[in-house]
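A.B. asks: Structure in structure tokens, see below.
The values are calculated or read from the model by the stated rules, or taken from the named source; none is laboratory data. Values in this document were obtained by computation on a predicted structure and should not be read as measured data. No Cβ is skipped: glycine too gets one built from the backbone with ideal geometry, and neighbour counts run over all protein chains shown. We work out accessible area using only protein heavy atoms, side chains counted, and drop any ligands, DNA or RNA first. Shrake-Rupley method; radii C 1.70, N 1.55, O 1.52, S 1.80 Å.
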Amino acid sequence: MILKIKSIPKLSWSSKSSTNFKPTFKTLFYLCLGLIIFGFGEGLLIVSGIGASPWNVLHQGIAVNLDVSIGTIAFFVSFLVLLFWYFLDLKIGLGTILNFIIIAIMIDVTIYFLDQPNEFFIQLFMVIIGVLLVGFGSSLYLIANLGAGPRDGLMTGLQTKTNAPIALVRFCIEFFVVICGWFLGGVFGVGTILYAIGIGPAVALGISSLKR
């Protein structure tokens, strides 16, 4: 049933407008909670050492070459992606801004406090938990309805401009960034593949659980 979900539900704490810059405390709380969980999940994937999510493969590759933190690169890449929104006629919401700030911080915090495990099964467990957390965090911030994240907006904006299937647009974007990231030294591996396979069902599972 969860794989049949086709829309983001409106719950009691959902904002009526994605461009609402004065949300209720409840809406803002769930938005920030979702982004914290999302960032922690992304951090777990990186710490696992067996493959980050596609965008973080890119962030990792750039960070290795510039000798700065992955979170810092995630922040600046998000800002650069946001500049493309101007050409895609997209509107920025409060959630858009908080998205790349909170997630970037949580990635660095997670990497700072957790060490990469040596046992493969623990690494694999971290990946699975990471994907589930990213999915649940995504569902929280999407239902809050305070604006898409920079990368999600890029995807939907390009889909609108090209009229191509959204799955194809997402695949092309993530294929491009993961290849660039891998070439620069980012870690592409089992975790990246599991993320690609599992993130859709994880988001759907999160939405389904919150609806209940």
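A.B. asks: Taking segment 59-69 only, how many residues are closer than 22 Å to MET155 by Cα and open to solvent by less than 20 Å² (accessible area, probe 1.4 Å)?
C.D. replies: Residues in segment 59-69 being closer than 22 Å to MET155 by Cα and open to solvent by less than 20 Å² (accessible area, probe 1.4 Å): 2 in total.
A.B. asks: Give all pairs with beta carbons closer than 8 Å in which a residue from segment 168-182 that is part of a helix (DSSP H, G or I) meets a residue that is loosely packed, with under 13 Cβ neighbours inside 10 Å; count only pairs at least 6 apart in sequence or on separate chains.
C.D. replies: Every condition considered, the pairs that remain are VAL169/THR162.
A.B. asks: I'd like to know if segment 120-134 contains one or more residues that are part of a helix (DSSP H, G or I) and closer than 30 Å to TYR86 by Cβ.
C.D. replies: yes
A.B. asks: Sticking with this one: Quick one: GLY186 ticks every box in (1) part of a helix (DSSP H, G or I); (2) crowded, with 18+ Cβ neighbours inside 10 Å bar one, so which box is it?
C.D. replies: If we test GLY186 against (1) part of a helix (DSSP H, G or I); (2) crowded, with 18+ Cβ neighbours inside 10 Å, just (1) comes out false.
A.B. asks: Now a separate question. Considering each of LEU146, LEU88, LEU133 in turn, give the residue that is in contact with a helix residue (DSSP H, G or I) (Cβ under 6 Å, 6 or more places away or on another chain), open to solvent by 10 Å² or more (accessible area, probe 1.4 Å), more than 19 Å from LEU44 (Cβ to Cβ) and in contact (Cβ under 8 Å) with a residue 12 or more places away in the chain.
C.D. replies: LEU88
A.B. asks: Looking at segment 97-119 only, could you name the residues that are aliphatic (A, V, I, L, M) and assigned to a loop (DSSP other than H, G, I, E, B)?
C.D. replies: The answer is LEU114, and nothing else.
A.B. asks: Answer yes or no: is there a residue in segment 4-14 that is open to solvent by 20 Å² or more (accessible area, probe 1.4 Å), part of a helix (DSSP H, G or I) and modelled with pLDDT under 95.
C.D. replies: Yes: segment 4-14 contains one or more residues that are open to solvent by 20 Å² or more (accessible area, probe 1.4 Å), part of a helix (DSSP H, G or I) and modelled with pLDDT under 95.
A.B. asks: Another question about this same structure. With the requirement that a residue be basic (Lys, Arg) and open to solvent by less than 80 Å² (accessible area, probe 1.4 Å), what does segment 150-169 give you?
C.D. replies: ARG151
A.B. asks: Same structure again: Which numbered condition trips up SER138, out of (1) polar (S, T, N, Q); (2) modelled with pLDDT of 90 or more; (3) out of contact with any Phe, Trp or Tyr (no Cβ under 7 Å at 6 or more places or on another chain)?
C.D. replies: (3)
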